[in-house]
Amino acid sequence: MDTYVTIGGIIYGILLLTAAVVKNRFTELIRIDAVLIPRPSEKTRIINLIAGLFFLIYNSYVLLK
């Protein structure tokens, strides 16, 4: 079960990285800055990049450990 959650975290990290760069209907739904900030804009997209890198690196580390 832990492996599935870790792999899900890696996939979510990749999706957040994609949401920081690509702008379409699907990536707008998974943006983390839209949840945290009352008025998200193009300037707040960088939060997705930082969060995506964190999710990707941390879950990759846990999976390999």
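Give me the accessible area per residue for the chain, probe 1.4 Å, as a whole number in Å².
75
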Measuring from the longest principal axis of the C-alpha atoms of the chain, the long axis of helix 2-21 (C-alpha) lies at a number of degrees, nearest 10, equal to 30
Compute the helix-to-body angle for 46-64: its Cα long axis versus the longest principal axis of the chain, expressed 0 to 90° and rounded to tens. 10
Of the heavy-atom accessible surface of the chain (probe 1.4 angstrom), what whole percent is carbon and sulfur? 71
Counting pairs of Cα atoms in the chain, how many percent are more than 16 Å apart? 44
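The values are calculated or read from the model by the stated rules, or taken from the named source; none is laboratory data. None of these values were measured; they are calculated from a predicted model. To get the accessible areas, we keep the full protein, side chains included, count just its heavy atoms, and leave off ligands, DNA and RNA. Shrake-Rupley method; radii C 1.70, N 1.55, O 1.52, S 1.80 Å.
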